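S.K.: Quick one: the structure is below, questions incoming.
The values are calculated or read from the model by the stated rules, or taken from the named source; none is laboratory data. Because the structure is predicted, anything quoted here is derived from the model rather than measured. Every residue, glycine as well, gets a Cβ built from its backbone with ideal geometry; the counts of neighbours run over all protein chains shown.
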2 protein chains.
Amino acid sequence: MEVLVRLPLPMTTPPHMTPDEFRAIGHRMIDWIADYHTSHEARPVRPPIAPGAVLGQLPTHPPEQPADAGEWDRIFDDLQKIIVPNLLHWQSPNFFGYFPCNSTGPGILGELASAGFGVNGMLWATSPAATELEMRTLDWMAELIGLPERFQFGDTPHARGGGCIQSTASDSTLVSLLAARSQARAAGADPSALRLYASKHAHSSIAKAAMVAGLAAGPDDTTHLCLIDADDTHRLDASALAAAIDTDLKNGWYPAWVCATLGTTGSEAIDPLADIATAIPPHTWLHVDAAYTGAALVCPEFRWMLNGIDRVDSFCFNPHKSLLTNFDCDCFWVADQQSLTRALSIMPEYLRNQATDAGAVIDYRDWQVPLGRKFRALKLWFVLRHYGREGLQAHIREHVRLATWLETQINGDDRFVLVAPRITGLVCFRLASGDRETRRLLEQVNASGAAFLSHTTLPDETGTDRYVIRVAIGGVLTQERHVRSLWHVFEDFAGS
Amino acid sequence: MEVLVRLPLPMTTPPHMTPDEFRAIGHRMIDWIADYHTSHEARPVRPPIAPGAVLGQLPTHPPEQPADAGEWDRIFDDLQKIIVPNLLHWQSPNFFGYFPCNSTGPGILGELASAGFGVNGMLWATSPAATELEMRTLDWMAELIGLPERFQFGDTPHARGGGCIQSTASDSTLVSLLAARSQARAAGADPSALRLYASKHAHSSIAKAAMVAGLAAGPDDTTHLCLIDADDTHRLDASALAAAIDTDLKNGWYPAWVCATLGTTGSEAIDPLADIATAIPPHTWLHVDAAYTGAALVCPEFRWMLNGIDRVDSFCFNPHKSLLTNFDCDCFWVADQQSLTRALSIMPEYLRNQATDAGAVIDYRDWQVPLGRKFRALKLWFVLRHYGREGLQAHIREHVRLATWLETQINGDDRFVLVAPRITGLVCFRLASGDRETRRLLEQVNASGAAFLSHTTLPDETGTDRYVIRVAIGGVLTQERHVRSLWHVFEDFAGS
């Protein structure tokens, strides 16, 4: 039997979406997102999800033909039926895990506008407005969080200091470390004698940056990375840092880089910046990782933790955590641009241009590891214009108020133990009845879908690591009733 | 005289955009983008822009108050009056600079959906659907470009190979280099004896990765990085590579990593992969950087350049260049996942979870330098579903057709010299009248705003570096008439 196969004619015109199709499907996507954000309470924060559940619903092979008239209907269907039921819903008002990852109207529209422009801001010359808007919004943000003027461009790119947007705080950690190494090398230090210092409660991205930079063979290699003990509130012990540096100097090491954390991931401990600043040698690069807590600096009542900032070489925090700006948006500042660009600059012929050659502009590719970069300043600009200083403060103060309320409940109930001072929005506690019970509480809450929590371990007063629940309050949609409901869940569990 | 100052009451509720406001402003932004993309021909590709022009139009200080009713009108005004006149318009049909940076309807809507979800896919557990959709779309893409099955997950995360989305090819270069170092270390190599190899025409991100990894003190440090000579079509000379490795081995070096470029930035030279594969020792990591040209592999007629792929350890290309997916989207595959994750994995307590502990899932944070990551698979999924294999092929073949047409004109006119073989969409030429004239042509075209071109230098047959114009054809909106107009501009100039 002969089978007749009708072969499609090869296409000569790519099936680009027409402007009218883009308008129609775009409006629909906007509405879909608005519906998604107004329907969180009708679904579990973390649905029951098994590995492979999504893979099993996706075709094994890619589509051959372009979309027909019904394909975008099917795409919206798949979003609803395959994606939504298999996501952890970070924007749910009942999401209290990790740290917040704020997504807002202005932030989403900034991402949209950036995608629409589709420019690559690697050089000033490839996107002047992208570069200059980023410079100005970073200056604005520096002012909003109370950073000294030496971290700002002001009216000239020839200023010594300035800021840029990195993808994450991990990237800021890495580039500050590379700048420190470059500075040490310029000072004549032996690259094999460099030492780096951070609290033992500092973020894992520090050990990872050391691995990337070739200063650690693995996560536990402390040849070059010295993790400093903490006090009983999990803050870096500045006298232990001073002692470690003293010993290292005597042994021929070169203290190249110190990271002070303002808000550790485990418990939001605030390292004593002023004490650290006086504990370190003049040539040592001092980086501040304020990834989470930095957002709260828009409120002057939290600026006490900036005491010591005049000694700081670089500083970062993530507006994509609690400051209403969609991921990815880490703000990173240096006091001396050249110390950074010396470590990262490279100029192939195909990127040469007059503005760069004249030294008249900032080329942000020299501030980061990748070459290409998005127009991320738009979303931050939209957020700052939409909220204004007062709106940002209101968001922070509201979640601090809710966290304080939860802290008060915990402190007033001896079935619960607050395990670290609450600073802004993170509340860390355990059950008095023991680690197993604390873990069971977390697992029960998460499995119920009523809320989502994450955990860590922290040493108790005897130095024993205990299982700890972290409640990070700061979601855009989180209101008082969600925190009250969470507390009732805790109470019910403890009483059972 | 007493001055009465009315202090604003502190806000208690953050001024979040309501769902209705989001719908209204969102629809307006969608329409604004559609209008932007349909109005490119009415404006210069590169407007006349002076450093500081944007800074000078932006307020020095951030806004204090939240947006009033008119603020979003002013934001749209500012987009039109401050941003648009000061951008290089990468999406213009007359943009032929650098490489394309495709922005499409499906790509933009993917970015929008991703921003709407606002999830952080650092772990499978923090975004199962994001992880599994990425696994599947990377398998699809591997199939579409003809990569062997060993680079795919198939139906299990326990497969040896697999892919992920990195931000840029620079990131792929860096992580493959880190994997190679880790592998060399595991094989007992002295980390200070590692040598890396690439063509002297390879991308600057290779020297930058060496700097980041601590294997180069600066862009010109060749202690560990060996740049290999090219043949007269600018392809890496595999016999020179073999000789360099031979000499290095005799001198106690450890050849750790080789990068083959499929499509150099300067001239789209295709390094001879099969010859490279046989020239290197068995333990050497072979990475392929196909950042630009990889997109053309959706068409079988270009797969000859994959000869040798069975020896390759990692491979990347950028759908955000010519494959219709918004920046950032670099697809990166490894043949052996563990060789990568061994170099990048680190597990703090606050990220521990059952799925990871059980080894049942892929945690993409172990495939990259940063911890946090976006739901970037959505935009790639939308693009693949919208275009299908045939639509992708049609896009590539159309721009290859236009580039071939331009090449033919240049070859038929002895005022112009084609300086490198045209492979897919990049046409490189100079004027027979000399470098100064070639540069003047580029500057005149770019200043006119009628089109935008970029340049490089390439050695001529005597080995002398010559100024070269690069015409990269592959914009979403670029049609035959735009390329014909460009050629007429070239002809007019040459005739004057």
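S.K.: Only one residue in B:S170, B:S205, B:S192 is surrounded by fewer than 22 Cβ atoms within 10 Å (Cβ to Cβ), of a type in the set (S, T, N, Q) and within 11 Å of chain A (Cβ to nearest Cβ), so which one is that?
M.R.: Criteria check complete, one pass: B:S192.
S.K.: Restricting to region B:432-441, what's the tally of residues that are aliphatic (A, V, I, L, M) and surrounded by fewer than 21 Cβ atoms within 10 Å (Cβ to Cβ)?
M.R.: Total satisfying the criteria: 1.
S.K.: Can you confirm whether region B:125-138 contains a residue that is over 22 Å from B:S322 (Cβ atoms), aliphatic (A, V, I, L, M) and not in a helix (DSSP H, G or I)?
M.R.: yes
S.K.: Residues being free of Cβ contacts under 8 Å to residues at least 40 places away in the same chain and more than 22 Å from A:L453 (Cα to Cα): count how many of those fall in region B:110-129.
M.R.: Number of matching residues: 2.
S.K.: Continuing with the same structure: When you scan region A:425-456, how many residues do you find that are touching a residue at least 60 places away in the same chain (Cβ under 8 Å) and β-branched (V, I, T)?
M.R.: 1
S.K.: Considering only residues that are among the aromatic types (F, W, Y) and in a helix (DSSP H, G or I), which ones fall in region B:405-427?
M.R.: B:W405
S.K.: Name the residue that is nearest to A:T462 (Cα to Cα), counting only residues in region A:233-279 that are of a type in the set (S, T, Y) and in a strand (DSSP E or B).
M.R.: A:T261
S.K.: Ok, one more. Would you check which residues across region B:428-448 are in a helix (DSSP H, G or I) and basic (K, R) and list them?
M.R.: Scanning region B:428-448 gives B:R436, B:R439, B:R440.
S.K.: Shifting gears a bit: Taking the condition free of Cβ contacts under 8 Å to residues at least 40 places away in the same chain and among the aliphatic types (A, V, I, L, M), does B:V288 pass?
M.R.: In short, yes.
S.K.: Being of a type in the set (G, A, S) and either loosely packed, with under 13 Cβ neighbours inside 10 Å or touching a Cys at 6+ places or on another chain (Cβ under 8 Å) (or both) is the filter; apply it to region B:442-496 and report the residue that is nearest to B:S322 (Cα to Cα).
M.R.: B:A447
S.K.: Would you mention how many residues in region B:178-226 are in a helix (DSSP H, G or I) and polar (S, T, N, Q)?
M.R.: 5
Here's the yes/no breakdown for (1) assigned to a loop (DSSP other than H, G, I, E, B); (2) modelled with pLDDT of 95 or more:
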{"residue": "B:L9", "(1), (2)": "yes, no"}
{"residue": "B:H16", "(1), (2)": "yes, yes"}
{"residue": "B:A24", "(1), (2)": "no, yes"}
{"residue": "B:Y36", "(1), (2)": "no, yes"}
{"residue": "B:R46", "(1), (2)": "yes, yes"}
{"residue": "B:T60", "(1), (2)": "yes, yes"}
{"residue": "B:P63", "(1), (2)": "yes, yes"}
{"residue": "B:D73", "(1), (2)": "no, yes"}
{"residue": "B:K81", "(1), (2)": "no, yes"}
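One line per residue, one yes/no per condition, for (1) more than 8 Å from every other protein chain (Cβ to nearest Cβ); (2) within 17 Å of B:I362 (Cβ to Cβ):
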| residue | (1), (2) |
| --- | --- |
| B:V119 | no, yes |
| B:W124 | no, yes |
| B:R136 | no, yes |
| B:W140 | no, yes |
| B:P148 | yes, no |
| B:Q166 | yes, yes |
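Residues checked against (1) assigned by TED's automatic domain parsing to the domain that holds B:G474; (2) under 19 Å from B:M135 (Cα atoms); (3) in contact with a Phe, Trp or Tyr (Cβ under 9 Å, 6 or more places away or on another chain); (4) surrounded by fewer than 23 Cβ atoms within 10 Å (Cβ to Cβ):
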| site | (1), (2), (3), (4) |
| --- | --- |
| B:T264 | no, no, yes, no |
| B:A277 | no, no, no, yes |
| B:H283 | no, no, yes, yes |
| B:V288 | no, no, yes, no |
| B:L297 | no, no, yes, no |
| B:F317 | no, yes, yes, no |
| B:C329 | no, yes, no, no |
| B:V334 | no, yes, yes, no |
| B:L344 | no, yes, yes, yes |
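S.K.: Looking at (1) more than 29 Å from B:T168 (Cβ to Cβ); (2) of a type in the set (A, V, I, L, M); (3) surrounded by fewer than 24 Cβ atoms within 10 Å (Cβ to Cβ), find the lone condition where A:V45 falls short.
M.R.: Looking at each condition in turn, A:V45 falls short on (3).
S.K.: Among the residues in region A:244-253, are any within 30 Å of A:G188 (Cβ to Cβ) and within 28 Å of the chain's Cα centre (by Cα)?
M.R.: no
S.K.: Which pairs do you get when a residue that is more than 8 Å from chain B (Cβ to nearest Cβ), found in region A:338-361, comes within reach of a residue that is among the polar types (S, T, N, Q), reach meaning Cβ atoms under 6 angstrom, with the pair 6+ apart or on two chains?
M.R.: Within 6 Å, the pairs are A:S339/A:Q183; A:R342/A:S182.
S.K.: While we're here: What pairs come up if the first residue lies in region B:140-157 and is within 15 Å of B:A296 (Cα to Cα), the second is of a type in the set (F, W, Y) and part of a loop (DSSP other than H, G, I, E, B), and their beta carbons are under 6 Å apart, counting only those six or more places apart or on different chains?
M.R.: Close Cβ pairs (under 6 Å, with a partner that is of a type in the set (F, W, Y) and part of a loop (DSSP other than H, G, I, E, B)) do not exist here.
S.K.: If you don't mind, another one. Kindly provide the set of residues from region B:70-117 that are facing chain A (nearest Cβ under 7 Å) and among the polar types (S, T, N, Q), ordered by number.
M.R.: Of everything in region B:70-117, those that are facing chain A (nearest Cβ under 7 Å) and among the polar types (S, T, N, Q) turn out to be B:N86, B:Q91, B:S103, B:T104.
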